[in-house]
Amino acid sequence: MEVILADYLGFCYGVKRAITIARENASADGTACTLGPIIHNPQMVERLSDEGVGSVNSLDEMEKGTVIIRSHGVGPQIYADAEKRGLTVVDATCPHVKKAQLSAKSLVDEGYSVVIIGEKEHPEVRSIFEWSNAEAKIIETVEEADALPNCAKLGIVCQTTFSGAKFREIVTHLLEKSREVKILRTICTATDQRQAAAMELAAKVDRMLVIGGKNSANTSRLAQLCATKCVTYHIETAAELQDEWFDKIEKIGITAGASTPDWIIKEVYKKCQNR
Ligand code: F3S
């Protein structure tokens with residue numbers, strides 16, 4: 001049986017950078033913490049905790065030390081709160097997310113009614129929303145775009161991990177809403193690259209394995225896309241592999257979400273090769 005890795009898979013630039021920054025700020029006394037899990041991967045969160053980077057859900061849980069802002073970013077209020085509490089802030093916000101946040105802010109400052117295209121509850125989208133002075137409308141479907149009122153000046157930003165095709169479709173509808181539309185296409189290519197590579201591979205193998213946290217939106221999206229091409233299994237670790245998945249197949253493909261550590265991908269790859 002042939003085991004094939006997707007051309008692009010696993011950690012993206014922003015996640016790699018955030019983990020490096022977190023490690024550089026680890027502390028033996030447990031006072032360095034990320035605000036929320038650094039990435040949507042429980043195994044990585046546990047490993048970092050062993051290395052001296054904890055995780056809190058709220059600044060209320062921290063009396064001193066260093067708060068590490070994860071790649072998804074946070075709103076301006078969190079920086080102000082952390083400063084008020086005397087915490088050291090280490091900002092590991094992905095530069096692409098930062099760009100989306102600042103784009104939303106500048107659009108509001110320039111008098112645009114701002115629309116964020118993205119998943120309403122995603123932490124990154126919440127952070128972009130906060131940077132818009134909590135004024136932006138968040139939409140993720142064509143129907144929601146159609147339901148928006150007309151306005152004098154419309155500014156559009158996008159969740160970095162949103163599908164490029166869906167973004168274009170929604171923007172087409174938004175163009176009807178104003179005479180002046182400013183579009184800041186804040187989509188990051190890492191997502192498109194991973195999705196395209198996964199689809200290409202899924203079309204030429206018998207089965208696909210998609211590795212990543214069950215709570216990771218981008219991993220779940222990869223699994224959904226691959227499932228349109230072949231039988232697909234979404235797993236978090238090699239321990240979930242099942243013998244019957246390998247029955248009578250010639251080729252199996254592997255991809256992984258942007259928050260899946262290399263060591264987990266290698267483990268799955270090796271286990272598959274040994275079948
Ligand atoms: Fe950044 Fe793109 Fe990754 S926005 S966190 S490099 S998916």
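Just so you know, all these numbers are worked out from the coordinates, no wet-lab data involved. Since the structure is predicted, the reported quantities are computational estimates derived from the model, not experimental observations. Every residue, glycine among them, receives a Cβ derived from its backbone with ideal geometry; neighbour counts consider all protein chains shown.
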Can you give the helix-only mean residue ellipticity at 222 nm for the chain, where every DSSP H stretch with n ≥ 4 adds -39500 (n - 2.57) and the sum goes over all residues, rounded to the nearest 500 deg cm²/dmol? -11500 deg cm²/dmol
Taking R0 as 35 Å, what's the FRET efficiency between Asp262 and Arg168 from their Cβ-Cβ distance, rounded to 0.05? 0.60
Starting from the Cα of Thr88, step 7 Å along the direction of its Cβ; do the same at Lys270; then give the gap between the two resulting points in nm. 3.6 nm
Can you list residues from other chains, or at least 5 along the same chain, whose modelled amide H is less than 5 Å from the amide H of Ala256? Gly10, Ile211
Can you give the local net charge around Ser106? Use residues other than it whose beta-carbon is closer than 11 angstrom to its beta-carbon, Lys and Arg +1, Asp and Glu -1. +1
Residues meeting the amide H criterion for His234 (H placed from the backbone, H to H distance under 5 Å, 5 or more places apart or on another chain) are Val210
What is the local net charge at Arg168, summed over the other residues whose Cβ is closer than 15 Å to its Cβ (Lys, Arg +1; Asp, Glu -1)? -2
I'd like the distance between the alpha-carbon centres of the stretch 35-49 and the stretch 174-200, rounded to an integer number of Å. 28 Å
Expressed as a whole number of Å, what is the distance separating the alpha-carbon centroids of the stretch 94-163 and the stretch 216-271? 32 Å
For Arg207, list long-range residues whose amide hydrogen, built 1.01 Å from N in the peptide plane, is under 5 Å from its own amide hydrogen. Lys251, Gly253
List, in order, the whole-Hz ³J(HN,Hα) value for each residue of the stretch 235-244 obtained from phi through the Karplus relation with A = 6.51, B = -1.76, C = 1.60 and θ = phi - 60°; use x for Gly and Pro. 10, 9, 9, 5, 4, 8, 4, 10, 3, 5
Between the modelled labels at Asp206 and Arg23 (7 Å from Cα along Cα→Cβ) the distance in nm is 3.8 nm
Straight-distance crosslink candidates among lysines, where the alpha carbon sits under 16 Å from Lys105 and sequence neighbours closer than 8 are dropped: Lys137, Lys153, Lys182
Entries of Lys98/Lys166; Lys16/Lys166; Lys120/Lys270 with Cα pairs more than 30 Å apart: Lys120/Lys270
Inter-label distance for Asn215 and Glu119, nm, one decimal - labels placed 7 Å from Cα along Cα-to-Cβ: 1.3 nm
For the chain, what is the relative contact order in percent, using Cα pairs closer than 8 Å and at least 6 residues apart in sequence? 22 percent
Restricting to aspartates and glutamates and to Cα separations under 14 Å from Lys64, and discarding same-chain partners fewer than 8 apart, the set is Asp29, Asp81, Glu83
Whole-number percent relative contact order across the stretch 96-187, with pairs defined as alpha carbons under 8 Å at least 6 apart: 34 percent
Can you sort His122, His72 so the residue with the fewest Cβ neighbours within 10 Å comes first? His122, His72
